[in-house]
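Beneath this line is the structure, given in structure tokens, with notes to follow.
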Amino acid sequence: MSKVTIATLLKYKQEGKKFASLTAYDASFAKAFDEQGIDVVLVGDSLGMVLQGQDDTLPVTLEDMCYHTRCVRRGISRALLVADLPFMAYATPEQALTNCAKVMQAGAAMVKLEGGHWLMPTVRMLTERGIPVCAHIGLTPQSVHVFGGFKIQGRDEDNAKRILDEAKGFEAAGAQLLVLECIPATLAKAVTEAVQIPVIGIGAGKDTDGQILVMHDVLGISSGYIPKFSKNYLKQTGDIRAAISAYIEEVQQGQFPAAEHTFN
Ligand SMILES: Nc1nc(=O)c2c([nH]1)NC[C@@H]1CN(c3ccc(C(=O)N[C@@H](CCC(=O)O)C(=O)O)cc3)CN21
Ligand SMILES: CC(C)C(=O)C(=O)O
Ligand SMILES: [Mg+2]
């Protein structure tokens, strides 16, 4: 049971092997997910919504992210641990260097940053200094107030082209992993084929290299509603470990996401 690294994910992509990821925020769930064979665990700033009960991810602090990253680190022996940088913690390259270092020292093996062309010099600076970066594009929840809600992105031609350009630009800047959130499946397929680095989708259809979901959605415990692109695996299994195992299996077999979880 060797550790998952960015090299493992790259090999999966080259071999056409699909892989599953989940968010986790504490040691106990992280350990259970790790033991079931999840390849990537993300300490997501979604914790602002699912743990703290906030309306969006903006109130999450660097201290919150470091605390949960330390907790999750202790639960993981195999999976790659990625941690989100919270809102405004990487607005300048200098802030990004200082704050990404803190998250890495809390136990992350890679940081995830939301943004576009403005963020590319920062990504270059981070990778050159030894901080691996996952770039997050499409629906970037930290920009929810710019979008005017959690809206599907890349539906018109101009925005689709921008998203494709951002993916290529982040790869050129040194990003080693990409997250695509809530974009049409055809666009996600084009992006995944246009870059050499592994691409993880959420609400981005079945053709990305990996999938990620928020653990509370997979376990049907999110307050309010479960987004269209998520699936409650606890309902069909009745057991947390069996639910996670079913999710991983369906992703690896290409059965999740189905058409009903996909935007066109
Ligand atoms: N529980 C949970 N699950 C998530 O996937 C998630 C979070 N929280 N918090 C952080 C972000 C926010 N995300 C969201 C939240 C809502 C929609 C949403 O309402 N989507 C609509 C589509 C809207 C449209 O058609 O433009 C949907 O029907 O799912 C999407 C992504 C994804 N992330
Ligand atoms: C949904 C994933 C991609 C995320 O960024 C989060 O959980 O914060
Ligand atoms: Mg996030």
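The values are calculated or read from the model by the stated rules, or taken from the named source; none is laboratory data. In this text, all values refer to a predicted model and were calculated from it rather than measured experimentally. Here Cβ is always computed from backbone atoms with ideal geometry, including for glycine, and neighbour counts include all displayed protein chains. Note: accessible area is taken over every heavy atom of the protein model, side chains too, but ligands, DNA and RNA are not part of it. Shrake-Rupley method; radii C 1.70, N 1.55, O 1.52, S 1.80 Å.
Below are the figures for this structure:
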{"read-out": "Condition broken by A83, with the remaining ones in (1) within 17 Å of L9 (Cβ to Cβ); (2) more than 15 Å from ligand 3 (Cβ to nearest atom); (3) surrounded by 24 or more Cβ atoms within 10 Å (Cβ to Cβ) satisfied", "value": "(2)"}
{"read-out": "Qualifying residue in region 135-152 (condition: touching a strand residue (DSSP E or B) at 6+ places or on another chain (Cβ under 9 Å), in a helix (DSSP H, G or I), modelled with pLDDT of 95 or more and more than 10 Å from ligand 1 (Cβ to nearest atom))", "value": "yes"}
{"read-out": "Pair list, Cβ under 8 Å, 6 or more apart: region 138-154 residue of a type in the set (S, T, Y), other residue part of a loop (DSSP other than H, G, I, E, B)", "value": "T140/G115"}
{"read-out": "Search result, residues across region 1-48 that are closer than 17 Å to I221 by Cα, open to solvent by 30 Å² or more (accessible area, probe 1.4 Å) and hydrophobic (A, V, I, L, M, F, W, C)", "value": "F29"}
{"read-out": "Top-ranked residue of region 164-178 - restricted to ones that are open to solvent by 10 Å² or more (accessible area, probe 1.4 Å) and of a type in the set (A, V, I, L, M, F, W, C), ranked as nearest to L81 (Cα to Cα)", "value": "A172"}
{"read-out": "Count of region 109-128 residues which are open to solvent by less than 10 Å² (accessible area, probe 1.4 Å), in contact with a Ser or Thr (Cβ under 9 Å, 6 or more places away or on another chain) and of a type in the set (A, V, I, L, M)", "value": "1"}
{"read-out": "When residues of region 219-264 are limited to those that are touching a residue at least 24 places away in the same chain (Cβ under 8 Å) and of a type in the set (D, E, K, R), the one least open to solvent (accessible area, probe 1.4 Å)", "value": "K231"}
{"read-out": "Number of positions in region 105-121 that are farther than 22 Å from V144 by Cα and either out of contact with any helix residue (DSSP H, G or I) (no Cβ under 9 Å at 6 or more places or on another chain) or not aliphatic (A, V, I, L, M) (or both)", "value": "3"}
{"read-out": "Test: residue in region 180-195 that is within 16 Å of ligand 3 (Cβ to nearest atom), over 16 Å from A246 (Cα atoms) and open to solvent by 20 Å² or more (accessible area, probe 1.4 Å)", "value": "yes"}
{"read-out": "Unmet criterion (only one of (1) within 16 Å of ligand 2 (Cβ to nearest atom); (2) touching a residue at least 60 places away in the same chain (Cβ under 8 Å)) for S77", "value": "(1)"}
{"read-out": "Failed item, numbered, when L51 is tested on (1) within 15 Å of ligand 1 (Cβ to nearest atom); (2) open to solvent by 60 Å² or more (accessible area, probe 1.4 Å); (3) closer than 23 Å to V191 by Cα", "value": "(3)"}
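Yes or no, residue by residue, for (1) under 20 Å from the mean Cα position of the chain (by Cα); (2) at pLDDT 95 or above; (3) more than 16 Å from ligand 3 (Cβ to nearest atom):
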position: E114; (1), (2), (3): yes, yes, no
position: M120; (1), (2), (3): yes, yes, yes
position: R129; (1), (2), (3): no, yes, yes
position: D156; (1), (2), (3): no, yes, yes
